[in-house]
1. Quick one: Ala213 ticks every box in (1) modelled with pLDDT of 95 or more; (2) over 17 Å from the mean Cα position of the chain (by Cα); (3) more than 30 Å from Pro345 (Cβ to Cβ) except a single one, so which number is it?
2. Might you let me know whether segment 292-314 holds any residue that is among the hydroxyl-bearing types (Ser, Thr, Tyr), in the same structural domain as Glu337 (by TED's automatic domain parsing) and surrounded by 15 or more Cβ atoms within 10 Å (Cβ to Cβ)?
3. Considering each of Ala64, Ala82 in turn, give the residue that is under 19 Å from the mean Cα position of the chain (by Cα), under 20 Å from Tyr20 (Cα atoms) and crowded, with 17+ Cβ neighbours inside 10 Å.
4. Mind checking which residues of segment 35-77 are among the charged types (D, E, K, R) and not in a helix (DSSP H, G or I)?
5. So Gly114 passes all but one of these: (1) in contact with a strand residue (DSSP E or B) (Cβ under 8 Å, 6 or more places away or on another chain); (2) modelled with pLDDT under 95. Which condition number does it fail?
6. Does Gly218 meet the test of being buried (at least 24 other Cβ atoms within 10 Å of the Cβ) and at pLDDT below 95?
7. Can you tell me which residue is nearest to Ile243 (Cα to Cα) among those in segment 271-317 that are of a type in the set (Ser, Thr, Tyr) and modelled with pLDDT of 95 or more?
8. Regarding Pro209, is this residue in contact (Cβ under 8 Å) with a residue 40 or more places away in the chain and either surrounded by fewer than 20 Cβ atoms within 10 Å (Cβ to Cβ) or of a type outside the set (Asp, Glu) (or both)?
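The values are calculated or read from the model by the stated rules, or taken from the named source; none is laboratory data. The model shown is predicted, which means the values in this text are computed figures rather than measured ones. Heads up, the Cβs are rebuilt from the backbone with ideal geometry, glycines too, and the neighbour counts pull from every protein chain shown.
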Amino acid sequence: MSKKIAIIGTGAVGGHVGAYMTRAGHDVTLVDMWPAHVEAMRRDGLTLRGLTEPENFTVKNIKALHLTDLHDMQYAEPFDIAFVSTKSYDTVWATQLISNYLAPGGFVASLQNGINEERIASVVGWGRTIGCIASKISVDLEAPGHIQRHVSLGGKEHTVFIVGEPHGRITPRIKQVRDLLAHADSADVTDNLWGQRWSKLVVNCMRNPVAAATGRGGNDNDRDPHTRMLALGLAAEAITVGIAHGYQLGKIYGMAASDVQAACNGDKQALERCEAIMFESVAKRSDGQRPSMGQDMAKKRRTEIAFLNGLVVEKATELGMTAPLNQGIVEVVQNIERGRIEASPKAVAHLKV
């Protein structure tokens with residue numbers, strides 16, 4: 001029997017995977033807090049745009065619900081799988097909301113930036129919590145019912161979705177979630193959820209706040225020597241903190257973690273290797289690409305800075321360490337959010353590796 005799936009928070013990532021799953025014939029319900037987006041999906045379906053022709057399509061048979069409509073699900077069959085794909089700061093209430101409509105054996109998957117599994121488990125328990133990591137996907141909810149992807153499909157070159165259990169075992173349910181996500185792009189399972197989570201956090205910490213603070217897209221920031229080095233510096237600090245906490249890290253945006261650290265400690269060969277990979281990424285994405293925190297800043301939405309770079313600072317403090325670049329970028333982004341300064345390259349000019 002097919003599983004009944006809910007996605008709570010169907011913006012860029014949630015809407016993207018929900019459209020692919022729906023097109024593949026799965027029973028998917030998309031729940032969102034933006035009324036105009038829900039109405040557009042109901043009326044016109046969900047339109048996806050990408051860099052290649054097969055990525056450009058519209059799914060008409062979208063099941064879309066307003067948050068208030070979820071109350072009526074008490075009369076329907078409960079959900080077997082619920083993906084929480086909200087911003088980190090909305091995790092707890094979103095999990096509480098959908099927990100009332102889970103089947104007895106149902107579980108919740110975090111499909112988010114940041115590390116939110118503990119927040120989800122605080123509501124439904126660790127036995128009903130798994131993690132899903134989406135990397136190098138770069139999607140943007142450009143208008144109600146319209147999602148744009150700015151980078152190439154991962155395919156064999158890069159695994160976009162990684163699914164894992166908090167306890168590390170490879171279980172049938174994470175294989176099932178992997179297969180669902182594989183409709184959208186390359187997917188796999190891991191026995192190292194926490195190491196993979198922290199590795200993705202490092203990427204978010206090096207790319208998201210720089211876009212938010214400068215007001216520029218990813219390509220412009222990578223072409224600029226100062227912001228390119230700042231991104232590596234933010235990553236190096238986060239890598240050091242993660243290793244100190246015992247996480248087994250993988251590649252960081254295609255770069256070896258040791259190369260990122262060495263590049264920021266004056267190793268010119270390591271820096272050349274890192275920059276070559278960053279420039280290769282520039283060539284594979286459109287100049288319109290803007291990391292999600294940059295999108296939030298442009299739309300005057302609350303950012304996740306406290307849950308990304310702020311988490312690095314918190315975890316450093318726990319061990320008596322410091323992360324001055326991450327602390328500095330948190331302050332810059334929060335000052336821009338509060339209207340004290342404007343987003344521009346000048347806002348980060350004082351942050352140096």
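1. (3) is the only condition that Ala213 fails.
2. So the first thing to find is which residues in segment 292-314 are among the hydroxyl-bearing types (Ser, Thr, Tyr), and the list is 292, 303.
Next, only the ones that are in the same structural domain as Glu337 (by TED's automatic domain parsing) stay: 292, 303.
This time we only want the ones that are surrounded by 15 or more Cβ atoms within 10 Å (Cβ to Cβ), so: 292, 303.
Scanning segment 292-314 turns up at least one residue that is among the hydroxyl-bearing types (Ser, Thr, Tyr), in the same structural domain as Glu337 (by TED's automatic domain parsing) and surrounded by 15 or more Cβ atoms within 10 Å (Cβ to Cβ).
3. Details: Ala64 fails: under 19 Å from the mean Cα position of the chain (by Cα).
The unique qualifying residue is Ala82.
4. Taking segment 35-77 and keeping what is among the charged types (D, E, K, R), we get 39, 42-44, 49, 53, 55, 60, 63, 69, 72, 77.
Hits for segment 35-77 are Arg49, Lys60, Lys63, Glu77.
5. Gly114 satisfies every listed condition except (1).
6. Working: buried (at least 24 other Cβ atoms within 10 Å of the Cβ): yes; at pLDDT below 95: yes.
Judged against the criteria, Gly218 is a match.
7. Within segment 271-317, the subset of a type in the set (Ser, Thr, Tyr) is 281, 286, 292, 303, 317.
Pick out the ones that are also modelled with pLDDT of 95 or more and you get 303, 317.
On the way: Thr303: 26, Thr317: 14 Å.
Restricting to residues being of a type in the set (Ser, Thr, Tyr) and modelled with pLDDT of 95 or more, the top hit is Thr317.
8. Numbers: in contact (Cβ under 8 Å) with a residue 40 or more places away in the chain: yes; either surrounded by fewer than 20 Cβ atoms within 10 Å (Cβ to Cβ) or of a type outside the set (Asp, Glu) (or both): yes.
Against the criterion (in contact (Cβ under 8 Å) with a residue 40 or more places away in the chain and either surrounded by fewer than 20 Cβ atoms within 10 Å (Cβ to Cβ) or of a type outside the set (Asp, Glu) (or both)), Pro209 qualifies.
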